[in-house]
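Colleague: Below is the structure I would like to discuss, written out as structure tokens.
The values are calculated or read from the model by the stated rules, or taken from the named source; none is laboratory data. The shown structure was predicted, so the numbers you read here are calculated from the model rather than taken from an experiment. Don't worry about glycine lacking a Cβ; one is built from the backbone with ideal geometry, like all the others, and counts go over all protein chains shown. What goes into the accessible areas is simple: the full protein's heavy atoms, side chains included, and nothing from ligands, DNA or RNA. Shrake-Rupley method; radii C 1.70, N 1.55, O 1.52, S 1.80 Å.
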Amino acid sequence: MKPLNTLLSALPTTIFTQMSALAREYDAINLGQGFPDTEGPAELVEIACAALRDGRNQYAPLTGLPELREAVAGCNQRFYGLSVDPNREVIVTSGATEALAACISAVTSPGDEVIVLEPAYDTYLPFLRLVGAVPVPVRLSPPDWSLPREALSAAFNERTKAILLNSPMNPCGKVFTTEELEFIAGLVRKYDSFAICDEVYEHLVFDAPHIPLMTLPDMRERCMRIGSAGKSFSFTGWKIGYITAPSPLAEVIAKAHQNLTFATAPNLQRAVAAGLNKGEAFFGELAEGLCERRDLLAAGLRKCGFGVLPCNGTYFITADISGLADEEDDLSFCRRVTIEAGVTMIPVSAFCDPSAGTPPTRYVRFAFCKQPAVLSEAIRRLEAYFH
Ligand code: PMP
Ligand code: GLN
């Protein structure tokens, strides 16, 4: 038989699936894959169910239900002061994953370079390569994950079509500061490029505000901003994403969406529209609850001997394993601790491409979007194991 797609054939199964399978096999507490262990708002589930019974079961409009596009535009205004046309500047997708694929497809032609800040969510590089774009990874380094300005400047050139920016950033819990965003915006402007902004964790910020790159001067016309109902409403299985982009970009992104999935489940769109129309208090409480759990886990990890790195947003906290493992690398550490201590996490090296230099091997990522009792039990197991 002729070979299948060489890139996909060579790709391993995602680290999240691998580690979740290992957690199940060894009955470990899964602080690996990032999903909450409690349900999102019950009234949104009711709205989704009612919409199914209501005959909302045929194709939704290509760019999304009007009520959801209006709600997305409303949130842009309410949270960031961005004035957005719901009819021409919003596209609803089947998760942020599809939104990323649609934006990348819309912006790049084969051979175009796209700068990716690492550690990077694991779907960025494979998808860029799949469409023939050339990823140019620029690595942030622990323990402070600050923006490597020189390396970033050096990476930009005339072939740079876009930068893919994830803030708040998975896996390192970093929220980019205004100064860092201004620096990035300067380069985007200088090289006449675009920014694909993965902002799925926009509402999960703790000590620092989330600032969309799109709100900076001259960035409105160059940015695509991606959100996800999975993260904002704790329904990661729903896979509803939304893109905000200026209309000339949105038009082409819609063509990508048309050829990827065409439309997205209408009942879930209806529920997410209601969710986005919730008041600020809802999003504030979501972040507060997560912040408490971050603190609980961070304190526990310190007691066990992990070096805990700063975390201002997302579901994730990263930790240095140097005090607990001599020569062992992060992947082997994660496997050993899953099997022997019954707690699962994700190796940070999985977010780094060797083309950007040797990946760091002394850091692991823990998800704290779990019930306090579950986090406490995980800490208890780790303490018992390491002491
Ligand atoms: N981007 C990042 C940084 C993520 O962590 C995730 C989480 N899965 C996604 C995109 C994908 O989001 P969705 O589940 O809405 O496709
Ligand atoms: N975004 C989630 C994480 O980083 C996982 C999503 C997935 O399993 N593909 O853990």
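Colleague: How far, in nm, would the chain grow between L4 and A299 when pulled straight, counting 0.36 nm per residue and subtracting the alpha carbon separation? Before the final figure, lay out each step's value.
Modeller: Details: separation 295, 0.36 × 295 = 106.20 nm, distance 4.80 nm.
Full-extension gain reported as 101.4 nm.
Colleague: Report the Cα-based extents of segment 109-211 along its three principal axes, largest first, to the nearest Å.
Modeller: So the extents along the principal axes, rounded to whole Å, are 40, 27, 23.
Colleague: Students sometimes get this wrong: rank F206, F35, F235 by accessible area, probe 1.4 Å, all chains present, largest first. Don't skip to the end; give the middle numbers.
Modeller: Working: F206 35, F35 70, F235 10 Å².
Of F206, F35, F235, the descending order of accessible area is F35, F206, F235.
Colleague: Another question, if that's okay. Any chance you could get the radius of gyration and Dmax over the Cα atoms of segment 36-178, in Å?
Modeller: Both quantities, over Cα of segment 36-178: 18.6, 56 Å.
Colleague: What is the percent carbon and sulfur in the accessible area of segment 259-387, measuring with a 1.4 Å probe over the protein chains and ignoring ligands? Numbers along the way, then the final one.
Modeller: Numbers: 2560 of 5070 Å².
Here carbon and sulfur together make up 50 percent of the probe-accessible area.
Colleague: At 1.4 Å probe size, with the rest of the protein present, what percent of the exposed accessible area of segment 92-229 is carbon and sulfur atoms? Provide the component values of the computation, followed by the final result.
Modeller: Working: 2230 of 4310 Å².
The value for segment 92-229 is 52 percent carbon and sulfur by accessible area.
Colleague: Output the Cα-based Rg and Dmax of segment 219-356 in Å, rounding Rg to one decimal and Dmax to a whole number.
Modeller: Reported Rg and Dmax, both Å: 19.9, 54.
Colleague: Debye calculation, C-alpha points only, no solvent: report log10 I(q)/I(0) for segment 146-206 at q = 0.12 Å⁻¹, in the same order as the q values.
Modeller: So the normalised log intensities are -0.29.
Colleague: Name the long-range amide H neighbours of C223: under 5 Å, sequence gap of 5 or more, or other chain; modelled H, no Pro or chain starts.
Modeller: A195
Colleague: In units of 2.2 N^0.38 Å, what is the alpha-carbon radius of gyration of the chain? The partial results should precede the final answer.
Modeller: Working: Rg = 20.5 Å, N = 387, 2.2 N^0.38 = 21.2 Å.
Here the answer is 0.97, to two decimals.
Colleague: I'd like to check one number: the per residue accessible area of segment 97-211, probe 1.4 Å, reported in Å² as a whole number.
Modeller: Working: 3750 Å² over 115 residues.
Heavy-atom accessible area per residue stands at 33 Å².
Colleague: Under 5 Å between amide hydrogens, which residues at least 5 positions from T93 or on another chain qualify, with H placed 1.01 Å from N in the peptide plane?
Modeller: The answer is G241, Y242, I243.
Colleague: Quick one: Karplus J couplings for segment 220-226, per residue in order, coefficients 6.51, -1.76, 1.60, θ = phi - 60°, nearest Hz, x for Gly and Pro?
Modeller: 4, 8, 10, 10, 10, 10, 10
Colleague: Something else about it: Evaluate the distance, in nm, between pseudo-label points positioned 7 Å from the Cα of E221 and of V134 along their respective Cα→Cβ axes.
Modeller: Roughly 2.8 nm, to one decimal.
Colleague: Sum up the lysine pairs in the chain that clear both bars: alpha-carbon distance under 27 Å and a spacing of 8 or more or different chains.
Modeller: Step by step, the pairs that qualify in the chain add up to 18.
Colleague: Sort all Cα-Cα distances of segment 93-145 into consecutive 10 angstrom bins from zero, then give the percent of pairs in each bin up to the one containing the longest distance.
Modeller: Per 10 Å bin, starting at 0, the Cα pair percentages come out as 25, 50, 21, 4.
Colleague: Antiparallel DSSP bridges in the chain: what percent, to the nearest 5? Before the final figure, lay out the partial values.
Modeller: Working: 20 of 41 bridges.
Looking only at bridges with both residues in the chain, the antiparallel portion is about 50 percent.
Colleague: For segment 9-57, what Kirkwood radius comes out of the mean inverse Cα-Cα distance, in Å? Show your work: numbers first, answer last.
Modeller: Numbers: mean 1/r = 0.0718 Å⁻¹.
Kirkwood radius, segment 9-57: 13.9 Å.
Colleague: For segment 227-372, what is the accessible area per residue in Å² when the probe is 1.4 Å?
Modeller: Values: 5200 Å² over 146 residues.
Ligands and nucleic acids excluded, the result is 36 Å² per residue.
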